[in-house]
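Beneath this line is the structure, given in structure tokens, with notes to follow.
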Number of protein chains: 2
Amino acid sequence: MEQIVQFELTNDFRERLQKAVMEEDTAFIEGSLEGVNSADISALLQEFDAQESKYVVDLLSDEVRAEIINDLDPDQRVKFLKNFEVDELSVIVNHLDSDDAVDLLNEMPLQQREEVIAALDNEEKEANILDLLRYDDDVAGGLMAKELIKANHNWTVVQCIEEIRRQAENVQKVYSVYVIGDDGKLLGRVSLKKIILANDHTRIADIFEADVVAVETFMSEEEVVQVMRKYDLDAVPVVNVQGKLLGRITIDDVVDVMTELAEEERKLMSGITEDVEEADSVWMLTRARLPWLVVGVLGGFISAKFIGVFEQELIRITAIAFFIPLIQATGGNVGIQSSSIVVQSLANPSAFSDSLIKRLLKVFFVALLNGLVLSLIVYGFNLLTGAAINLSVVVSLALFGVVIVASFLGTITPLILDKFGFNPALASGPFITTTNDLLGLGIYFYTVHILL
Amino acid sequence: MEQIVQFELTNDFRERLQKAVMEEDTAFIEGSLEGVNSADISALLQEFDAQESKYVVDLLSDEVRAEIINDLDPDQRVKFLKNFEVDELSVIVNHLDSDDAVDLLNEMPLQQREEVIAALDNEEKEANILDLLRYDDDVAGGLMAKELIKANHNWTVVQCIEEIRRQAENVQKVYSVYVIGDDGKLLGRVSLKKIILANDHTRIADIFEADVVAVETFMSEEEVVQVMRKYDLDAVPVVNVQGKLLGRITIDDVVDVMTELAEEERKLMSGITEDVEEADSVWMLTRARLPWLVVGVLGGFISAKFIGVFEQELIRITAIAFFIPLIQATGGNVGIQSSSIVVQSLANPSAFSDSLIKRLLKVFFVALLNGLVLSLIVYGFNLLTGAAINLSVVVSLALFGVVIVASFLGTITPLILDKFGFNPALASGPFITTTNDLLGLGIYFYTVHILL
């Protein structure tokens, strides 16, 4: 991966730096990290223990230290910050944007959080933070930063530039200047490009765009992602119910939300219960994996008891057992496909989606077609390989039934989960597989019981 | 979803607009779509047929029409553009950024593409498009747009503003001005904020940031996503091997790539072979789902034949059949968990990842722990419910073996797939489940065969 970054993360450099920390070679540390992007230093410190990391960041400027800490993985950061005093934490918080500051504060124990806020010597920052702490972290209010540039619609361009100058230090990335009325209500936005190209004495009222997309504080993070994606926004203003401008959400935060949502879905689909990654300890990985494995094993045990009920049938016709995997695998596959199609729809909601009845009817027709094809294939194979005709009929009939039922369950489960505020992707995980395994067996053995 | 968009997509409005199209009520169409965001009009036209859509967009300005078409779903767009003449297409292409123009051209038949390019009356656009057509669409070169603002490092701020003015129409969103040397090589960037705040006669050389992250044309889209995410970039310059500035990739395109990658992974994990969504036809949905279902059914059929080999054992001890679902479900669950952890690592590569041996050793220990716990649980249950001791031992031993093997396969499969350029998430789908089903059966019946 070639980039025009003068710096490359290597194991050699990591070891060299670790040695420098041990030898307290401050000259090497300061020299080699000079001008390195804080995201790279964070990635590096991810490999260091808390003491080593603290030694390194203490040699850097307050601003760079705050950025590095902001870029750390939250788990790592919690361990890392245990070595910091309240006044050190307060300096870090002071150098962060209000949204990042609040994320950091939310990771602290309540008492420490209060102390850090009390130690802030920046009143505006303190007010912003106290305001943001009121919001849940998964709604627009919890994603927004208070730092933004706003201009009254009566101002001229030169007044607006003055405001940008005044806020230059607080607002790192200026995408647009938000235009408000005398009552603080959001009226629109002006791009920096327009400000550069306009005459100094042009009135903002004459150049701003009024059709600005904004979100309200209570909107869920999923909806914020959808809005920013749909309208290709790099920043979106956040308003309250009255339309008053409260903050803005920038695209980098939404990219982080998208990454988290994708990771969460991946975990749910594969039955991993905690936020682990490959680099975590054997113990953490085991703990994250066991719960759903145990559920699966319990399901398997119930299956064993269930099949046991049909012991006489199995003794009479042993070949019944041969088709257990076929029935179960198909039920699982159909269920996961169905739920994943619904999850996809829920992630990209359309203003014109069909009614539930219409959706289920469609699912039914798809299942009908799939079920028919699969049953015929299995019937053909069975005939070709000389299986008993009556057993072949039973297997194909049961398979057909399993496809229909698994499709229905796979469709309805994520919808119900979503309705009750759970992540619908849960339905694409071991949950639906375990349920479908049991149902598939039920359908199969019931068919066997009736027809054979 | 409340927004400060004056317009809301409703079924009523859609019907009213469709009626207006039929009645050729141009006044209503023009009036009601005035000022509506092109993304909303696209969502609306998604529900219209190609003729109706054409009628609507023909009433709008060239620029809005181009944006609407750019926002359409690619499937829909292909159908839609069949009703357009070459010169109409050429006007659309001319109004798009070069990257979007190339995406559009790539959807056309070769001959039409040539004709549309030939009909362009904008030489610069034509050169840009011909340049971009050389790149695959899944590398940085294929994602970049040629439109950007660059300034020679010897220029003054006022010269730079002159350049912004000159390019204002071509470059919609200006995030930074890229600074180049006399040889065209990228030297750094200046933010618009800095340009606004600088004195007119300041030299660019004195205010630009030299530590800019850039990507090379051949870098994969996954890597571009990682770079932009890691460094929180809103735009990244693209350079060739010599470091010459060729284009830039903006965050909205990367957000689209992230969405596509997440959707692709979801499909692979659930065994859906085509790019379908719930709104597609019964036929398309069936076609997208059947291939993996058939593979699953074939796997199930092989399982049936395999179990058939052990018919004598099954006749002797029927209870063997009871535990088939338990063994299989656990194998499937363990395999998917393992591969999904690897997929996660591959999506977030670390500069300091462990060696393969170390990774596999860790997987082995996790599997050991999981396997032990699950085997003991099953053994306990079997004892409690009065199953035969020797069968209970065999089931637990086989289960333990299945957990170890499924972990290993689940880890190694995505790594191999990735190595050979396939999407590793394929390993978390029916692929690994079907393989694990067969292997699990093999381990179980072999253990039965030896020990019972």
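The values are calculated or read from the model by the stated rules, or taken from the named source; none is laboratory data. Just so you know, these numbers come straight off a predicted model, no measurement behind them. Note: ideal-geometry Cβ built from the backbone for every residue, glycine included; neighbour counts use all protein chains shown.
Per-structure values
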read-out: Residue in the stretch A:26-37 that is farthest from B:Arg229 (Cα to Cα), counting only those that are more than 9 Å from chain B (Cβ to nearest Cβ) and either hydroxyl-bearing (Ser, Thr, Tyr) or within 31 Å of the chain's Cα centre (by Cα) (or both); value: A:Thr26
read-out: Any chance A:Gln242 is among the polar types (S, T, N, Q) and assigned to a helix (DSSP H, G or I); value: no
read-out: Matching helices (runs of 4 or more DSSP H) fully within the stretch B:274-392 where at least 1 residues are of a type in the set (Gly, Ala, Ser) and more than 7 Å from chain A (Cβ to nearest Cβ); value: B:282-309, B:324-347, B:356-384
read-out: Which numbered condition A:His153 misses (of (1) more than 13 Å from chain B (Cβ to nearest Cβ); (2) crowded, with 16+ Cβ neighbours inside 10 Å; (3) farther than 30 Å from B:Ala198 by Cβ); value: (3)
read-out: Selected residue (only one of B:Ile180, B:Ile204, B:Ile164 is buried (at least 16 other Cβ atoms within 10 Å of the Cβ) and at the interface with another protein chain (Cβ under 7 Å from one of its Cβ atoms)); value: B:Ile164
read-out: Qualifying position, being among the polar types (S, T, N, Q), at pLDDT below 95 and in contact with a Lys or Arg (Cβ under 9 Å, 6 or more places away or on another chain), among B:Thr286, B:Thr318, B:Thr273; value: B:Thr273
read-out: Residue in the stretch B:417-427 that is of a type in the set (Gly, Ala, Ser), in a helix (DSSP H, G or I) and surrounded by 23 or more Cβ atoms within 10 Å (Cβ to Cβ) present; value: yes
read-out: Test: residue in the stretch A:432-443 that is more than 10 Å from chain B (Cβ to nearest Cβ), in contact (Cβ under 8 Å) with a residue 24 or more places away in the chain, crowded, with 20+ Cβ neighbours inside 10 Å and over 23 Å from A:Leu314 (Cβ atoms); value: yes
read-out: A:Asp40 closer than 23 Å to A:Ala20 by Cα, charged (D, E, K, R), modelled with pLDDT under 95 and outside any loop (DSSP other than H, G, I, E, B); value: yes
read-out: The stretch B:393-410, residues that are closer than 20 Å to A:Met284 by Cβ and at the interface with chain A (Cβ under 9 Å from one of its Cβ atoms); value: B:Val403
read-out: Hey, A:Leu356 at pLDDT 95 or above and surrounded by fewer than 19 Cβ atoms within 10 Å (Cβ to Cβ) or not; value: no
read-out: Residues that are polar (S, T, N, Q) and either farther than 16 Å from B:Met144 by Cα or free of Cβ contacts under 8 Å to residues at least 24 places away in the same chain (or both), drawn from the stretch B:72-130; value: B:Gln76, B:Asn83, B:Ser90, B:Asn94, B:Gln111, B:Gln112, B:Asn122
read-out: Those residues of the stretch B:263-273 which are facing chain A (nearest Cβ under 8 Å) and surrounded by fewer than 20 Cβ atoms within 10 Å (Cβ to Cβ), in sequence order; value: B:Glu263
read-out: The stretch A:193-222: number of residues that are in contact (Cβ under 8 Å) with a residue 24 or more places away in the chain and outside any strand (DSSP E or B); value: 17
read-out: Search result, residues across the stretch A:342-377 that are aliphatic (A, V, I, L, M), without any contact (Cβ under 8 Å) to a residue 24 or more places away in the chain and closer than 24 Å to B:Leu72 by Cβ; value: A:Ala351
read-out: Count of residues meeting criterion [without any contact (Cβ under 8 Å) to a residue 60 or more places away in the chain and under 18 Å from A:Ile404 (Cα atoms)] in the stretch B:294-317; value: 2
read-out: Residue that is farther than 23 Å from A:Gln111 by Cβ and out of contact with any Pro (no Cβ under 7 Å at 6 or more places or on another chain), where the choices are A:Asp75, A:Asp71; value: A:Asp71
read-out: Qualifying helices (runs of 4 or more DSSP H) (wholly inside the stretch A:61-136; at least 1 residues being surrounded by fewer than 21 Cβ atoms within 10 Å (Cβ to Cβ) and out of contact with any helix residue (DSSP H, G or I) (no Cβ under 9 Å at 6 or more places or on another chain)); value: A:74-81, A:110-119, A:123-132
read-out: Complete set of residues in the stretch B:256-292 that are among the aliphatic types (A, V, I, L, M) and in contact with a Leu (Cβ under 6 Å, 6 or more places away or on another chain); value: B:Leu268, B:Val276
read-out: Any hit, the stretch A:38-49, residues being within 23 Å of the chain's Cα centre (by Cα) and among the aliphatic types (A, V, I, L, M); value: yes
read-out: Residues located in the stretch B:188-201, provided they are more than 9 Å from chain A (Cβ to nearest Cβ) and of a type in the set (A, V, I, L, M); value: B:Val190, B:Ala198
read-out: Failed condition for B:Val224, given (1) more than 13 Å from the chain's Cα centre (by Cα); (2) at pLDDT 95 or above; value: (1)
read-out: Condition check for A:Lys362: buried (at least 18 other Cβ atoms within 10 Å of the Cβ), farther than 25 Å from A:Val227 by Cβ and basic (Lys, Arg); value: yes
read-out: Residues that are facing chain A (nearest Cβ under 8 Å), under 10 Å from B:Gly188 (Cβ atoms) and surrounded by fewer than 18 Cβ atoms within 10 Å (Cβ to Cβ), drawn from the stretch B:207-230; value: B:Asp211
